[in-house]
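See structure below.
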Amino acid sequence: MTATVPALDGQEAARDVLGFIGASPSPFHACATAAARLEQAGFTGVDETGPWPADGRHYVVRAGSLVAWQAPPGLAPAAPFTIVGAHTDSPNLRVRPRPDLSRAGVRQLGVEVYGGVLLNSWLDRDLGLSGRVALRSASGIEARLVLADRPLLRVPQLAIHLDREITSDGLRLNPQVHLVPLWGLGATDEGGFRRFLAAELDVEPADVLGWEVMAHDVAPGTLVGPANELLSSPRLDNLCSCWAAITALVATASVSAGSVAAGSVRVVALFDHEEVGSHSTSGAGGPLLATVLERIALARGAERDDWHRSRAGSVCVSADGAHATHPNYAERHDPAHQIAFGGGPVVKHNASQRYATGALGAARFVAACERAGVPVQHYSHRNDLPCGSTIGPITAARLGIDTVDVGAPQLAMHSARELMGAADPGLLARALTEFYADHGH
């Protein structure tokens with residue numbers, strides 16, 4: 001039986017995505033937003049240092065990553081996993097450890113470029129700050145989220161009168177020199193940023209011991225066009241996929257066990273640090289997912305052979321942004337693999353394994369789309385351009401789990417603000433819901 005995504009199609013889904021993204025300016029906030037939605041659906045948080053539940057609906061958060069699962073009661077120790085993976089981070093500008101700067105009578109904030117940023121897209125935007133802060137407390141050290149969702153920073157572009165060559169040579173930016181945001185007037189205020197964080201969190205500056213804070217565009221996401229057919233927002237790559245994964249898991253959790261894949265554990269894995277290679281304690285290249293899956297199996301009494309059998313029967317969908325064909329640069333795309341807004345989720349193929357898709361994984365996903373009544377598209381990169389990658393190949397290599405790379409089509413990937421079709425988030429969520437519902441029968 002097909003599980004459905006209730007009341008989330010078309011523009012209604014798009015507006016829900018915008019709400020999810022707006023509440024999630026940093027990976028840490030994305031995990032908090034996802035956790036709140038999971039708790040509304042009956043999931044409970046688990047402490048990694050505590051005992052592991054044998055079944056039920058649960059989630060665990062490690063820094064900017066979250067793994068959630070639903071294990072029906074009575075599962076066999078070697079029951080497989082049905083996994084949807086995505087990532088919570090996006091390219092941006094992150095505040096340095098010693099950020100307080102001043103030049104020409106203007107106070108500035110030192111930042112470091114994170115990930116493959118389209119540098120020009122961060123110019124002339126009002127930027128806020130978000131992330132997490134390490135604080136001294138009576139019980140030791142604690143982490144708290146900080147969100148200053150108001151205009152605080154701006155990186156002004158050089159006037160054309162001082163850069164006449166820009167029209168002939170294009171914009172050239174040195175990230176060390178030209179991307180330092182302005183945020184006030186005066187001389188260098190040593191300790192000013194620490195005091196700012198302390199004021200935001202209502203603590204003493206001496207108790208602010210460290211931070212992972214980043215800039216974000218404060219202009220909210222919106223629907224675009226005379227008929228609202230487009231969706232413009234920061235961080236579509238990859239919070240759209242995070243939203244779709246959580247929406248699909250909640251949709252299948254709300255359906256009776258007899259109507260879904262009661263023979264598998266349904267899992268969402270949202271990873272941080274994909275944009276910088278995934279090699280961290282909370283990234284897809286680290287042990288987080290393998291540890292969580294193994295503990296789920298062990299809690300059901302699995303032995304070592306059961307654990308290996310479980311992985312052998314499992315499947316993973318790596319959901320990330322896909323390249324729509326840019327109408328102004330159509331020559332940058334393979335002519336036989338044109339991708340359209342509103343054309344449905346994209347199965348991403350790459351013979352060099354930059355995407356993990358194989359024939360069987362692709363077939364499973366295409367079949368799920370057919371059952372859900374969702375159109376599907378196929379993407380292949382030009383031979384003469386380097387291809388990006390995802391968490392898919394990393395998950396496949398680390399766990400030996402059959403993996404397929406998919407995504408919703410978008411434009412302006414890695415810009416401070418990206419674009420997609422308003423119908424595409426709902427189509428991806430419907431496809432993932434059906435994928436969950438089928439595997440394990």
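The values are calculated or read from the model by the stated rules, or taken from the named source; none is laboratory data. Quick caveat: nothing in here was measured; it's all calculated off a predicted structure. As a convention, Cβ positions derive from the backbone with ideal geometry for all residues, glycine included, and neighbour counts pool all protein chains shown.
Starting from segment 64-76, keep only residues that are in the same structural domain as residue 250 (by TED's automatic domain parsing), then list their pairs with residues that are surrounded by fewer than 19 Cβ atoms within 10 Å (Cβ to Cβ) and in a strand (DSSP E or B) whose Cβ atoms are within a distance under 8 Å, requiring at least 6 positions of separation or different chains.
Taking only residues 6 or more apart or on different chains, the pairs are 70/56; 71/56; 73/56.
On the basis of being within 18 Å of residue 238 (Cα to Cα), out of contact with any Leu (no Cβ under 9 Å at 6 or more places or on another chain) and part of a helix (DSSP H, G or I), does residue 431 make the cut?
So residue 431 fits the description; yes.
For segment 168-212, which residues satisfy the criterion of being more than 32 Å from the chain's Cα centre (by Cα), farther than 22 Å from residue 106 by Cα and at pLDDT below 95?
168, 169
Residue by residue through segment 98-147, note down the ones that are within 20 Å of residue 24 (Cβ to Cβ) and either hydroxyl-bearing (Ser, Thr, Tyr) or modelled with pLDDT under 95 (or both).
Scanning segment 98-147 gives 114, 121, 130.
(1) surrounded by fewer than 18 Cβ atoms within 10 Å (Cβ to Cβ); (2) within 22 Å of the chain's Cα centre (by Cα): which one isn't true of residue 377, the others all being true?
Of the numbered conditions (1) surrounded by fewer than 18 Cβ atoms within 10 Å (Cβ to Cβ); (2) within 22 Å of the chain's Cα centre (by Cα), the odd one out for residue 377 is (1).
Only one of (1) more than 28 Å from residue 222 (Cβ to Cβ); (2) out of contact with any Pro (no Cβ under 7 Å at 6 or more places or on another chain); (3) aliphatic (A, V, I, L, M) is not met by residue 356, so which one is it?
(2)
Considering only segment 24-47, state which residues are without any contact (Cβ under 8 Å) to a residue 24 or more places away in the chain and touching a strand residue (DSSP E or B) at 6+ places or on another chain (Cβ under 9 Å).
39, 44, 45, 46, 47
Looking at the structure I just gave you, is residue 266 modelled with pLDDT under 95 and either assigned by TED's automatic domain parsing to the domain that holds residue 398 or not hydroxyl-bearing (Ser, Thr, Tyr) (or both)?
The answer is no for residue 266.
Scan segment 77-101 for residues that are farther than 28 Å from residue 236 by Cβ and either buried (at least 24 other Cβ atoms within 10 Å of the Cβ) or among the polar types (S, T, N, Q) (or both) and jot them down.
The answer is 79, and nothing else.
Would you check which residues across segment 228-263 are surrounded by fewer than 20 Cβ atoms within 10 Å (Cβ to Cβ), at pLDDT below 95 and in a loop (DSSP other than H, G, I, E, B) and list them?
Matches in segment 228-263: 254, 255, 256, 262, 263.
Among 352, 282, 318, 310, which is among the polar types (S, T, N, Q) and assigned to a strand (DSSP E or B)?
Every option except 318 fails the conditions.
Suppose we filter segment 386-428 for residues that are among the charged types (D, E, K, R) and part of a loop (DSSP other than H, G, I, E, B); how many remain?
The total comes to 1.
Condition first: part of a strand (DSSP E or B) and out of contact with any strand residue (DSSP E or B) (no Cβ under 8 Å at 6 or more places or on another chain). Now tell me which residues in segment 134-174 satisfy that.
137, 140
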